[in-house]
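Read the structure below first, then the notes.
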Amino acid sequence: KQLYIFELYQHILHLPGVIFEFGVWWGANIALFTNYRAILEPYNYTRRVIGFDTFEGYSKPTKEDGEDDLVCEGNYSVPTDYLTHLNGVLDCHENENVMPHLKKFDLIKGDASDTLPRYMHEHPETIISLAYFDMQLYKPTLDCLKAIRPRLTKGAVIAMDELNCPEFPGETQAFDEVFGLCKVRLQRSKFLPDRTIFIVD
């Protein structure tokens with residue numbers, strides 16, 4: 001997993017823009033993104049990392065999400081006070097690196113279908129270099145793909161965790177509706193065979 005996140009980060013080193021993660025859960029990925037920023041481009045204070053999650057598990061699935069046992073409301077929740085803990089962990093990482101006086105991460109709690117449009121409205125300067133999708137469900141994935149599309153420059157990366165996954169069919173359907181599977185070139189990660197990379201061209 002560490003090599004996969006490193007693989008993604010290498011794709012965006014030449015690009016401006018922030019990193020969005022949709023589906024933070026325990027925060028392992030967002031911690032890796034902030035650490036790789038500190039290693040690969042320590043003075044790039046514009047490479048903010050923003051995570052979106054309910055931190056209460058899945059919202060209500062739709063028919064597009066199938067009927068696997070994993071697809072149920074509230075699954076992948078975290079303890080009530082975990083968001084406070086994760087903010088503390090990321091603060092610690094930031095304080096150990098250069099320019100700690102500039103906050104370069106944010107965690108947005110709530111349904112991303114609602115919180116992302118509000119974030120984009122409040123931050124009209126936003127360019128997205130990397131969007132990491134790990135929400136699995138159809139509706140939030142669809143809504144967020146639609147919302148970020150106008151802010152993706154050529155070369156930007158979209159990473160999909162459950163594309164072509166029988167347990168979570170909604171993610172593939174959402175991606176197909178927004179970008180069209182027959183219209184794009186998809187790549188498989190060199191390190192995790194079930195992870196898909198789309199580079200906007």
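The values are calculated or read from the model by the stated rules, or taken from the named source; none is laboratory data. Note that the coordinates shown come from a computational prediction; the quantities given were computed from them, not determined experimentally. Areas reflect the complete protein model, heavy atoms only, side chains present, ligands, DNA and RNA absent. Shrake-Rupley method; radii C 1.70, N 1.55, O 1.52, S 1.80 Å.
Ligands, DNA and RNA aside, Lys103 has an accessible area near 110 Å² when probed at 1.4 Å. For the Cα trace of segment 1-152, dividing Rg by the Kirkwood Rh returns an Rg/Rh value of 0.96. Annotation: amide H of Ile108 within the under-5 Å range of Gly51, Phe52, Asp53, sequence separation 5 or more or interchain, hydrogens built in the peptide plane. Pairs over the 26 Å Cα-Cα cut-off, from the set Lys109/Lys190; Lys1/Lys183; Lys154/Lys190; Lys104/Lys154: Lys109/Lys190; Lys1/Lys183.
The distance linking segment 33-64 with segment 84-119 is 8 Å (Cα centroid to Cα centroid, whole angstrom). Using the rule -39500 (n - 2.57) for each DSSP H run of four or more residues, divided by the residues of the chain, the 222 nm mean residue ellipticity is -11000 deg cm²/dmol.
Largest to smallest in accessible area, the residues Cys165, Cys92 fall in the order Cys92, Cys165 (1.4 Å probe, all protein chains included). Across the protein chains, with a 1.4 Å probe defining accessible surface, the residues Asp91, Asp161 rank Asp91, Asp161 from largest area downward. Heavy-atom accessible area, probed at 1.4 angstrom with all protein chains present, ranks Tyr45, Tyr82 as Tyr45, Tyr82, highest first. Solvent exposure of the chain amounts to 50 Å² per residue of accessible area, where only protein heavy atoms count and the probe is 1.4 Å. Counting only DSSP beta bridges with both residues in the chain, the antiparallel share comes to about 30 percent.
Measuring with a 1.4 angstrom probe and ignoring ligands and nucleic acids, Val89 comes out at about 50 Å² accessible.
With the whole protein complex present, Asp176 retains an accessible surface near 70 Å², based on a 1.4 Å probe. Computed over protein heavy atoms with a 1.4 Å probe, the carbon and sulfur contribution to the accessible area of the chain reaches 53%.
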